[in-house]
Amino acid sequence: MTDEPLVSLENAEVHFEEEQGLLDFSDPDVVRAVDGVSLDIGEKDVVALVGESGCGKTTLGKTTIGLQRPTGGSVKYRGQDIWDAKDGTGDVDIPYEEIRRSLQIIHQDPGSSLNPNRKVLGTLEAPLKKWQPNMSSGDRRREIVRMLEEVGMTPAADYAGRYPHQLSGGEKQRVALIRALLMDPDLILADEAISALDVSLRVDMMDLMLDLQEQFNTSFVFVSHDLSNARYIASHAGGRIGVMYLGELIEVGPPEQIINDPQHPYTKVLRWATPDLRTTGETEAPPVRKIDIPDPKNPPSGCRFHTRCPEAREACTQQSPASYANGASHRVRCFRVDDAHEYWSSPPVSDEPDDQRPTEAHST
Ligand code: SF4
């Protein structure tokens, strides 16, 4: 990573107000999809975001590439606030169009992002016409054929003439990947990009992404609910894994640290829940006090994991842990990495019913 991050999130928040019925006059519920996340992404960097469904990882990914406006904090591309550039406010050194081109996305369902009435050639010519208007038609076609061959879609001329419904799921995802790369992006968000593929094709697709990431010097944010896929991508790319829980980034670091020596009790739960990553000697029962995930509209007070955490103490019910540095590229949001914290002299939590404990919305 260079000194200046490619994309930098500082204390980013995305809070959604839930829609209400016409005759509902109460205050709307607020879902804290992303809450207080700070993260730097460098050139040729790879960050794999993991967590349970609804933890905010996709919203965080979209916030990172400027597709989701944060309700608090900031998101910068090469030091330029993305939303200042879009709104034309403040100092704008990098035009929004340039930022939009540089930050691309591949969706979970490639079928829905490809125009069903357009052949592969037309789909792939569009970004080149827009971003390289001086390129001749012959050069455009040569580049598209080269890219189709690069991703293994041969004979390329045959694939260029097909419609999306004439492609398999893996082939559609390859076309979506080429389309993103033809923008010459600095960062691609792969949002559950392999989840819809057959299990046997997932490793091939991850290998292809890794090859292209290397070849095009692109950074990737890879969103997945599967810790072993996150490990595969992050360890082959020399990247990091970031673990999300109820809108917070609770641990981020090198994959071998996260898998072999996780410091946050929730990361241990994720590892336990991934059978091929379980180590010998791990318990049959999940390492949590309670299975149920709290309501994101009404998260627990203090540390959000305290209602499920087997290591929770009274201090955890009242104070929210900061993101502690634990070495050069490892951060953990848990008091247990701070030897001097009053957590260590605080009594263990009693297992009183959740409804008798304060929540963030109701505590002062
Ligand atoms: S701060 Fe407390 S409740 Fe939260 S993860 Fe650490 S030990 Fe568990």
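The values are calculated or read from the model by the stated rules, or taken from the named source; none is laboratory data. Given the structure is predicted, the values throughout are model-derived calculations rather than measurements. Don't worry about glycine lacking a Cβ; one is built from the backbone with ideal geometry, like all the others, and counts go over all protein chains shown. These area figures cover heavy atoms from the full protein model, side chains too; ligands, DNA and RNA do not enter into them. Shrake-Rupley method; radii C 1.70, N 1.55, O 1.52, S 1.80 Å.
Scanning the stretch 254-279 for residues that are away from the ligand (no atom under 15 Å from the Cβ) and either on the phi > 0 side of the Ramachandran plot or of a type in the set (D, E, K, R) (or both) yields GLU256, ASP261, ASP276, ARG278. Candidates ALA322, ALA315: the one that is out of contact with any Phe, Trp or Tyr (no Cβ under 6 Å at 6 or more places or on another chain) and either more than 9 Å from the ligand (Cβ to nearest atom) or open to solvent by less than 10 Å² (accessible area, probe 1.4 Å) (or both) is ALA322.
For the stretch 293-319, residues that are without any contact (Cβ under 8 Å) to a residue 60 or more places away in the chain and either among the charged types (D, E, K, R) or more than 18 Å from GLY56 (Cα to Cα) (or both) total 17. Scoring THR154 on the criteria (1) loosely packed, with under 15 Cβ neighbours inside 10 Å; (2) assigned to a strand (DSSP E or B) leaves a single failure, condition (2). Scanning the stretch 280-290 for residues that are within 16 Å of the ligand (Cβ to nearest atom) and free of Cβ contacts under 8 Å to residues at least 60 places away in the same chain turns up PRO286, PRO287, VAL288.
Does ILE241 count as under 30 Å from VAL288 (Cβ atoms), under 13 Å from the mean Cα position of the chain (by Cα) and assigned to a strand (DSSP E or B)? Against the criterion (under 30 Å from VAL288 (Cβ atoms), under 13 Å from the mean Cα position of the chain (by Cα) and assigned to a strand (DSSP E or B)), ILE241 qualifies.
For (1) part of a helix (DSSP H, G or I); (2) in contact with a Lys or Arg (Cβ under 7 Å, 6 or more places away or on another chain), each residue gets a yes or a no:
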{"residue": "ALA176", "(1), (2)": "yes, no"}
{"residue": "ILE188", "(1), (2)": "no, no"}
{"residue": "ILE194", "(1), (2)": "no, yes"}
{"residue": "ASP207", "(1), (2)": "yes, no"}
{"residue": "ALA230", "(1), (2)": "yes, no"}
{"residue": "ILE250", "(1), (2)": "no, yes"}
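The set of residues in the stretch 114-150 being in a helix (DSSP H, G or I) and open to solvent by 90 Å² or more (accessible area, probe 1.4 Å) consists of LYS129, LYS130, ARG141, ARG142, ARG146, GLU149. Selection within the stretch 326-364: residues that are within 15 Å of the ligand (Cβ to nearest atom) and part of a helix (DSSP H, G or I). The member of this set that is modelled with the lowest pLDDT is ASP354.
Of all residues in the stretch 106-121, those satisfying the criterion of being touching a Lys or Arg at 6+ places or on another chain (Cβ under 8 Å) and either within 14 Å of LEU197 (Cα to Cα) or at pLDDT 95 or above (or both) are PRO110, GLY111, LYS119, VAL120, LEU121.
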